[in-house]
Structures are given as C-alpha cells and as structure tokens.
1. Filter region 58-90 down to the residues that are assigned to a loop (DSSP other than H, G, I, E, B), surrounded by 13 or more Cβ atoms within 10 Å (Cβ to Cβ), charged (D, E, K, R) and modelled with pLDDT of 70 or more and list them by number.
2. So which residues in region 43-57 are over 11 Å from ALA2 (Cα atoms) and part of a strand (DSSP E or B)?
3. Under 7 Å by Cβ, and 6 or more places apart or on different chains, what pairs join a residue from region 18-39 that is within 14 Å of VAL53 (Cα to Cα) with one that is outside any helix (DSSP H, G or I) and modelled with pLDDT of 90 or more?
4. For residues in region 91-116 being free of Cβ contacts under 8 Å to residues at least 60 places away in the same chain and not in a loop (DSSP other than H, G, I, E, B), which is surrounded by the fewest Cβ atoms within 10 Å (Cβ to Cβ)?
5. Hey, any hits in region 120-129 for a residue that's within 24 Å of ALA2 (Cβ to Cβ), modelled with pLDDT of 85 or more and not in a helix (DSSP H, G or I)?
Amino acid sequence: MAKTIIVDGYNVIYKIPSLSENLEKSLESARGALAQLLMSWKSARKHIGDIFVVFDARSRAPMADVYFNQAGVAAVFADDADECIIGMIKNAKKGSDILVISADNRVRNHCRAYAVDVEYPDYLLEKRKRHIQEKVSEEKEIDAKTVFEINDLVRKTWKVG
C-alpha cells in the first residue's frame, strides 16, 4: 500500500529556508518551489502515493495551482488549512497509511491522537540533513590520547577526582 502524504503548505514553506526565500518574489513562487521539491522528493521514493499540499485559501492567487496536480502532487485550498488537515486524518479509512508533514503543534497533536505518522518539515530534506550530520560526526572524533589529556586538564584545573 502506498503512503499518502499530507503537507501543511505554508507551514512547510516558512520552515524550510530554501522555500521561504521565494517569498521575496511571491507566494506563487514559494508554492511552485514547494511543488518542485515534493515532486523530486516523491520520485526518489517508490512507496509514496499521492501528496496533498493544503494551503489557506485566503491567500490564493489566480492560477495558484499551476505547478500542482502533476506527478501525484495536488494542491488543496481550504478556508483553514489546519482544520482541513485534521478533517482529512479524522475521516481517513481505518488502516490508511498516512504521513503528515507539519510543525504546527495543533496538527501534530491531532496526528498523535489518531495514530497518524507526523514529521517536521525538514523531513523533506532528510538526505541532506543526514549527510551534514555524518560530516559533523566525523569532524568531532578525537583519539583516546587527546580524550585522556583533556580529562586530565579538567581534573587539574577544577581539582576534581
């Protein structure tokens, strides 16, 4: 069964710097950048089904969904995006495989209440984030002799043990 993804549109745009940079141009540009990110992200994962990106409708510009409805990534415009997402998870069929991507506490709490998987927006950048973390880990490794010297210095300086 393919996993359905529900994305809290503006929440994700504002939490991912590479997307929020597009807000200087326009909301439309930021939505387009999000659509491109999601299509690329989806193409690298075979277990992903449809992706629904939920936006607040009050900020909908003409032709706002031009980039969407491609490659299984669809835009949903609702009066209240959070309420729409909560309604989608409440009304999901039992046993549905759903993942919500949002940093909104209210949305996240409802996901937990309905046993729906939820991730923060940087989940969409997982590979990049993991790569950076691995690089930092490699740089932080120190040998046993240096650890002993540091501990010895701390003991002498602070007169510990």
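The values are calculated or read from the model by the stated rules, or taken from the named source; none is laboratory data. Please read these numbers as outputs of a predicted model, since none were measured by experiment. No Cβ is skipped: glycine too gets one built from the backbone with ideal geometry, and neighbour counts run over all protein chains shown.
1. ASP80
2. Within region 43-57, PHE52, VAL53, VAL54, PHE55, ASP56 qualify.
3. Taking only residues 6 or more apart or on different chains, the pairs are LEU34/VAL53; LEU38/VAL7; LEU38/ILE51; LEU38/VAL53.
4. ASN105
5. Yes - at least one qualifying residue is present in region 120-129.
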